[in-house]
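Participant: I'd like to ask you about the structure that follows.
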Amino acid sequence: MSTQSTQSQTNYRISDKFVDMKPSAIREIFKSLGQPGSISFAAGNPSPDSFPVAEIKKIADDIFTNEPIMALQYGITEGYAPLRELVKARLARVYGINNPDDDTIIVSGGQQGIELTCKVMCNPGDVVICEEPSFIGALNAFRSNGAKLVGIPLKSDGIDTELLEKALKENPNTKLMYLIPSFQNPAGITSTLENRKAVYELARKYDVLIIEDNPYGDLRFKGEDVPTYKSFDVDDRVIYCGSFSKILAAGIRVGTLTANKEIVSKIVVGKQVEDVHTNVFFQMVCAKYMTEYDLEEHIVETRELYRHKAELMISCLEKYMPADAEFTRPEGGIFLWGTLPEGIDLGKFVARCGEKNVFVVPGTAFLCDESKPTRSFRMNYSMPSDEEIDRGVKILAEAIEELR
């Protein structure tokens, strides 16, 4: 009996947009996390302890008892109307975002809002300027739409404005700036108000739109709040992306996008050819949670959880790591950014840690040009237990010393 080779004989002609695309380094690392005793600092997941499971179960029972058809039928692309109104009211109340020329729609996670914005606004070859490092999901979304990425280094107060203006001068076809100003992924840095205003004025000067990605903005556990770009957007150039992933539950895939109505109308068309509409059931869950429970109190409890975990990780880093290793000290969110001592090879470090069943994400994954050298890596403190944080950081320090 003959057997056929599993190697396809067909020449698959992958599109130019996707032929060089690589899978997410983070998702690939996830495949290694099933090993017994593994410790992951690589995930971007919120803590399961932050999920209001009992409340969501009650809400789900109520929906399927009283409104099952609404939950199971097609919905409109713009989103479940009660949730849209609740989101608009909260954006105005919490963030001062209430421009009457704006509209808010519900998207399938903040990621879709980012991708749709690029798809609608950018032609192949148009430039998107990003912080360096930046969120890998956004970078791949821009790449998949044929955009050219230009990275500008992050400083302790935000993106380097001198280099940003230089890039804007050198790239007159820049369409978008992609920014995560609060508790940045992956660096954990929060841009100052002065930095934000300077960046906004450059966007006005060079007529560039801003994608403000703010999935972590509610998770401040230290310091003072900083106004969002969208709250002082006087000429409708900021597209604001929010999410329920970090404040309610990540798996529900419910995000929000707020922008000028003209932009939103085109994004709605773009969404119709991607997924028609976001999951109606989970939109209803979000709306009912906001009306029947205290979302703000739940957020306060989540902040306290992450404050504890962040402080524990930083204290362990200070205790175990060599003095010439560097780390950011976030005031919120779920990530911090480490930089290895001079002479330590990042690839070898990540591999050595993996051999010891501890996983971090190499900084190359977050660069516009992944071939650029870096000694940095991302660590997440929301997922691991307290014991795993202590033991895992100690193992990272051992790996550094073994590689010296």
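The values are calculated or read from the model by the stated rules, or taken from the named source; none is laboratory data. Everything numeric in this text was worked out from a predicted model, so none of it was measured. Cβ coordinates were reconstructed from backbone atoms using ideal geometry, including for glycine residues, and neighbour counts include every protein chain displayed. Side chains included, ligands, DNA and RNA excluded: accessible areas come from the protein's heavy atoms. Shrake-Rupley method; radii C 1.70, N 1.55, O 1.52, S 1.80 Å.
Participant: Which of the residues spanning segment 167-197 are touching a strand residue (DSSP E or B) at 6+ places or on another chain (Cβ under 9 Å) and more than 27 Å from I334 (Cβ to Cβ)?
Facilitator: Of everything in segment 167-197, those that are touching a strand residue (DSSP E or B) at 6+ places or on another chain (Cβ under 9 Å) and more than 27 Å from I334 (Cβ to Cβ) turn out to be A167, L168, E170, N171, P172, N173, T174, K175.
Participant: Given the condition charged (D, E, K, R), touching a Lys or Arg at 6+ places or on another chain (Cβ under 8 Å) and at pLDDT 95 or above, answer yes or no: does some residue in segment 268-285 qualify?
Facilitator: No, because not a single residue in segment 268-285 is charged (D, E, K, R), touching a Lys or Arg at 6+ places or on another chain (Cβ under 8 Å) and at pLDDT 95 or above.
Matching residues to (1) farther than 30 Å from I395 by Cβ; (2) at pLDDT 95 or above; (3) in contact with a helix residue (DSSP H, G or I) (Cβ under 6 Å, 6 or more places away or on another chain):
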{"residue": "S5", "(1), (2), (3)": "yes, no, no"}
{"residue": "N11", "(1), (2), (3)": "yes, no, no"}
{"residue": "D16", "(1), (2), (3)": "yes, no, no"}
{"residue": "V19", "(1), (2), (3)": "yes, no, no"}
{"residue": "K31", "(1), (2), (3)": "no, no, no"}
{"residue": "I59", "(1), (2), (3)": "yes, yes, yes"}
{"residue": "A71", "(1), (2), (3)": "yes, yes, yes"}
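Participant: Here are the criteria: (1) assigned to a helix (DSSP H, G or I); (2) open to solvent by 10 Å² or more (accessible area, probe 1.4 Å). Tell me which single one G113 does not satisfy.
Facilitator: In the conditions (1) assigned to a helix (DSSP H, G or I); (2) open to solvent by 10 Å² or more (accessible area, probe 1.4 Å), G113 misses (2) alone.
Participant: How many residues does segment 315-339 hold that are of a type outside the set (S, T, N, Q) and open to solvent by less than 50 Å² (accessible area, probe 1.4 Å)?
Facilitator: Here the count works out to 14.
Participant: Would you check if there is a residue in segment 125-148 being touching a strand residue (DSSP E or B) at 6+ places or on another chain (Cβ under 6 Å) and free of Cβ contacts under 8 Å to residues at least 12 places away in the same chain?
Facilitator: No, every residue in segment 125-148 fails to be touching a strand residue (DSSP E or B) at 6+ places or on another chain (Cβ under 6 Å) and free of Cβ contacts under 8 Å to residues at least 12 places away in the same chain.
Participant: To continue, here is another question. For segment 290-307, check the following and say yes or no: at least one residue is more than 30 Å from D62 (Cβ to Cβ) and assigned to a helix (DSSP H, G or I).
Facilitator: Among the residues of segment 290-307, at least one is more than 30 Å from D62 (Cβ to Cβ) and assigned to a helix (DSSP H, G or I), which makes the answer yes.
Participant: Hey, among the residues in segment 116-132 that are open to solvent by 10 Å² or more (accessible area, probe 1.4 Å) and among the charged types (D, E, K, R), which one's nearest to R253 (Cα to Cα)?
Facilitator: Going through the qualifying residues, I end up with K119.
Participant: Out of E401, E355, which single residue is open to solvent by 10 Å² or more (accessible area, probe 1.4 Å) and either within 19 Å of P46 (Cβ to Cβ) or without any contact (Cβ under 8 Å) to a residue 40 or more places away in the chain (or both)?
Facilitator: Working: E401 fails: either within 19 Å of P46 (Cβ to Cβ) or without any contact (Cβ under 8 Å) to a residue 40 or more places away in the chain (or both).
Just a single option satisfies the conditions, and that option is E355.
Participant: If you don't mind, another one. Of the numbered conditions (1) open to solvent by less than 20 Å² (accessible area, probe 1.4 Å); (2) over 30 Å from N214 (Cβ atoms); (3) not in a loop (DSSP other than H, G, I, E, B), K348 satisfies every one except a single condition; which is it?
Facilitator: Of (1) open to solvent by less than 20 Å² (accessible area, probe 1.4 Å); (2) over 30 Å from N214 (Cβ atoms); (3) not in a loop (DSSP other than H, G, I, E, B), only one is false for K348: (1).
Participant: Of all residues in segment 371-393 being charged (D, E, K, R) and in contact (Cβ under 8 Å) with a residue 24 or more places away in the chain, which is surrounded by the most Cβ atoms within 10 Å (Cβ to Cβ)?
Facilitator: R378
Participant: Quick one: in segment 60-85, which of the residues that are within 18 Å of I267 (Cα to Cα) and assigned to a loop (DSSP other than H, G, I, E, B) is most open to solvent (accessible area, probe 1.4 Å)?
Facilitator: I76
Participant: Here's a follow-up. Can you pull out the residues in segment 364-395 that are of a type outside the set (S, T, N, Q) and farther than 26 Å from R303 by Cα?
Facilitator: Correct list: A365, L367, C368, D369, E370, K372, P373, R375, I395.
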